[in-house]
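Notes for the one structure printed next.
Where a number appears in this text, it was derived from the coordinates with a stated rule and is not lab data. Just so we're clear, the structure is a prediction, and the values are computed from it rather than from any experiment. Positions of Cβ are backbone-derived with ideal geometry, glycine not excepted, and every protein chain shown enters the neighbour counts.
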Amino acid sequence: MTVQTSYASRPSAPRRSVTGATPVETAWLDVARIAAITAVVLLHAVAVVVTRDHTALGTATWWTANVVDSAVRWCVPVFIMISGALLLTPRREGLRAFYRRRFSRIGIPLAAWSAFYLSVDLFVERWNDWPDALHRILAGQPAVHLYFLFVLAGLYALTPFLRVLTAHAPRRTLWWAAVLTTALGVADQAISDLAGIGEANAVTRFLPYLGYYLLGHLLRGTVLGRRGVWTAGAVFVASVAATAGLVGATALAHGEWNAQTAYAYDYLSPTVLAMSVALFLLFKPLTGRWRRLTAPDRDTTAARRRLRTLADLSFGVFLVHLILLRELRSFTGIPDHPVAMVATVLAQTAAVLAASLLATAVLRRIPGVRATV
């Protein structure tokens, strides 16, 4: 990730049957999940071009990849906002029941997939650096995308106490809390990237994302009118353009890819914050226009059942997709031509999504393994 829901759409709601139908009023959240996991896979497919593994800095191929990369940077923040929208609603649930349910969904996959990806690096790729493996675990990033599970675990740890806040605090107080925690997260990211001060670890990785979590709860009930939809759409397009422009300008100024260059891509940069909030607000009105899911004058149960099936599998897709993408990329490569690069990256994304969905569905049917996805 990112990727982080995170791939991580499943942990944002209790375990449920894939045969159930998503309620009409929350169908937009499942649409958002599916869109976000698609964006995660596309992000991982195209990122290697931007970091100069397949083209030179500043070429037409690089700029095209930069625009595509910028356009999907909302994926992790939207996953976190989805989790906040679903989990921070006050409800009767004891601490023991909450932690048992949530951490069984996070703890087992975190341990299993950390071991898997580290084993691949250590024994298959012959990386063979045990001290660095331990460092990656303590840093909360055993694989490039698994940091998101550490983010979720930290947010889940605070959720029962945050529910007390959302149940009793005035709406104005909640907004101040969301704005303050978001501002602190943005400042933390800027200091870390631009000044090289501080580094997240397994225990603290979730803290900068607390603002997104609260925003998901607060924005869940927001309904945009026609003007609001157009405004949010304009903000999204402008923030994507600003992200791509800032990354490009900084990369060319430095003449290399470094932490300062990548700052605008970070999930807590101002431009990514703007695009993430704008798109989260757009999912509800856009889904409302999808009559197969939301039409009040027709039976939409079958369509909503298929929607839930896909959304329910997205957590497993997040966990398994990276190894499949790595193997596919080693076979196909990525051509150094703008059009061919985009076509290849999109084809890789589609293939990996399909294979990951199938792999997740199979793993969920195997006793003793299903708990890992």
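Observations on the model:
- Estimated at 0.36 nm per residue, the fully extended path between Glu199 and Arg289 surpasses their Cα-Cα distance by 28.1 nm.
- For Cα extents along the principal axes in Å, calculated from these coordinates, the label among (1) 65, 43, 37; (2) 56, 41, 35; (3) 52, 51, 44: (3)
- Each Cα pair under 8 Å and six or more residues apart adds its separation to the average, and for the range 295-373 the resulting relative contact order is 36 percent.
- Label point distance in nm, Val369-Ala350, each placed 7 Å from Cα along Cα→Cβ: 2.8 nm
- Whole-number percent relative contact order across the range 122-274, with pairs defined as alpha carbons under 8 Å at least 6 apart: 24 percent
- Leading residue at positive end of dipole, the chain (Cβ point charges), from Ala303, Leu358, Leu279: Ala303
- Packing rank of 298-307, 231-240, 168-177, where each peptide gets the mean count of other beta carbons within 10 Å, highest leading: 231-240, 298-307, 168-177
- Stokes-Einstein D for the range 249-353, Kirkwood Rh over Cα pairs, 10 °C, 1.306 mPa s (µm²/s): 89 µm²/s
- Over the chain, DSSP H runs of length four or greater, each weighted -39,500 (n - 2.57), average out per residue to a 222 nm ellipticity of -23000 deg cm²/dmol.
- Taking Lys and Arg as +1 and Asp and Glu as -1, the other residues whose beta-carbon sits under 15 Å from that of Ala278 total +3.
- Residue-by-residue Karplus 3J(HN,Hα) for the range 28-39, coefficients 6.51, -1.76, 1.60, Hz, glycine and proline x: 5, 5, 6, 4, 4, 4, 5, 4, 5, 5, 5, 5
- With contacts taken as Cα pairs under 8 Å at a separation of at least 6 residues, the range 10-372 carries a relative contact order of 31 percent.
- Total formal charge among the other residues, if their Cβ is under 15 angstrom from that of Leu138, Lys/Arg +1 and Asp/Glu -1: -1
- Rounded, prolate or oblate (a/c below 1.5 giving rounded, otherwise prolate when a/b exceeds b/c) for the range 15-142 by Cα gyration tensor: oblate
- Cβ-based exposure ranking for Tyr209, Tyr263, Tyr99, in which fewest neighbours within 10 Å come first: Tyr99, Tyr263, Tyr209
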